[in-house]
1. Look through 64, 54, 26 and report the one residue that is of a type in the set (Asp, Glu), in a helix (DSSP H, G or I), under 20 Å from residue 139 (Cβ atoms) and out of contact with any strand residue (DSSP E or B) (no Cβ under 6 Å at 6 or more places or on another chain).
2. I need the full set of residues from segment 99-156 which are more than 23 Å from the chain's Cα centre (by Cα) and polar (S, T, N, Q), in order please.
3. Go through (1) farther than 30 Å from residue 43 by Cα; (2) surrounded by 10 or more Cβ atoms within 10 Å (Cβ to Cβ); (3) of a type in the set (S, T, N, Q); (4) in the same structural domain as residue 26 (by TED's automatic domain parsing) and name the single condition residue 167 misses.
4. List the pairs whose first member sits in segment 42-61 and is in the same structural domain as residue 123 (by TED's automatic domain parsing), whose second member is hydroxyl-bearing (Ser, Thr, Tyr) and part of a helix (DSSP H, G or I), and whose Cβ atoms are under 7 Å apart, counting only residues at least 6 apart or on separate chains?
5. What about residue 129, is it surrounded by 13 or more Cβ atoms within 10 Å (Cβ to Cβ), in the same structural domain as residue 24 (by TED's automatic domain parsing) and more than 30 Å from residue 30 (Cα to Cα)?
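The values are calculated or read from the model by the stated rules, or taken from the named source; none is laboratory data. Because the structure is a prediction, the values reported are computed rather than measured. Because the Cβ atoms are built from the backbone with ideal geometry, glycine has one as well, and the counts that use them run over all protein chains shown.
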Amino acid sequence: MGFFNRISTIFKANVNDALDKAEDPEKMLNQITTEMQEQLVTVKQQVAASIANEKRLQRDYEKEQEQADGWEQKATIALQRDNEDLARQALARRNEHRDIANGYKEQWEKQRQAVETLKENLRILERKIEEARRKKDLLIARQKRAKAQKMIHETMAGMKDNSAFASFERMEAKVGDMEARADAAAEMAEMSRDPLEDEFAALETGSVDDDLAALKAKVSGSGNA
């Protein structure tokens with residue numbers, strides 16, 4: 001458990017360091033999850049090495065037990081042939097291999113228990129990393145939403161503080177003033193015209209009545225012809 005506790009401590013330290021430094025949450029979360037994945041690979045390698053060690057202890061135990069059984073069989077054959085001295089020597093060899101086999105068996109059982117614990121811890125770690133990935137995506141989404149809201153509020157606050165709207169109002173007033181000046185200039189030009197010239201201009205342009213009389217005369221001439 002010590003190894004897994006160290007990994008958990010590293011992860012917590014990385015997260016706290018990111019918060020303390022107020023770094024970009026998305027960047028730091030991606031970096032942390034990458035480091036977690038790398039640590040997971042390392043843990044898997046160590047678990048695999050522990051499993052391999054368990055298998056070696058099992059093979060060594062079975063090999064020594066096989067040797068012990070073989071010497072016991074030889075001792076049996078020696079007794080069947082009335083050779084107790086040879087049977088005694090065979091039993092001594094059997095006992096040597098049996099003692100070694102018992103030692104391997106004890107270590108194998110302890111290693112097997114340790115491997116089961118490591119496997120369970122590995123499964124827990126994988127679940128936690130998967131949960132961290134999901135939380136990372138959620139935190140990034142929340143961070144982006146908060147960032148967008150902050151930008152909108154800052155923009156709105158900036159528009160209230162600066163003179164953007166005041167500039168529009170000034171431009172509107174200026175355009176209104178220009179229109180008033182143009183109307184005044186037109187009125188002044190109208191006042192400066194000579195009325196007598198207007199009367200002569202009217203005489204020169206004629207009227208609708210004159211045009212109608214001329215058209216009648218033309219129509220009458222065409223009918224008489």
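1. Details: 64 fails: under 20 Å from residue 139 (Cβ atoms); 54 fails: under 20 Å from residue 139 (Cβ atoms).
26 is the lone residue from the list that is of a type in the set (Asp, Glu), in a helix (DSSP H, G or I), under 20 Å from residue 139 (Cβ atoms) and out of contact with any strand residue (DSSP E or B) (no Cβ under 6 Å at 6 or more places or on another chain).
2. Once the filter is applied, which keeps residues that are more than 23 Å from the chain's Cα centre (by Cα) and polar (S, T, N, Q), segment 99-156 yields 102, 107, 111, 113, 117, 121, 155.
3. (4)
4. That search, which allows pairs on different chains as well, returns 57/104; 60/104; 61/104.
5. Values: surrounded by 13 or more Cβ atoms within 10 Å (Cβ to Cβ): yes; in the same structural domain as residue 24 (by TED's automatic domain parsing): yes; more than 30 Å from residue 30 (Cα to Cα): no.
So residue 129 does not fit the description; no.
Residues are listed down the side, and each one gets a yes or a no for (1) at pLDDT 75 or above; (2) not aliphatic (A, V, I, L, M):
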| residue | (1), (2) |
| --- | --- |
| 160 | no, yes |
| 163 | no, yes |
| 167 | no, yes |
| 171 | yes, no |
| 176 | yes, yes |
| 186 | yes, no |
| 192 | no, yes |
| 195 | no, yes |
| 203 | no, no |
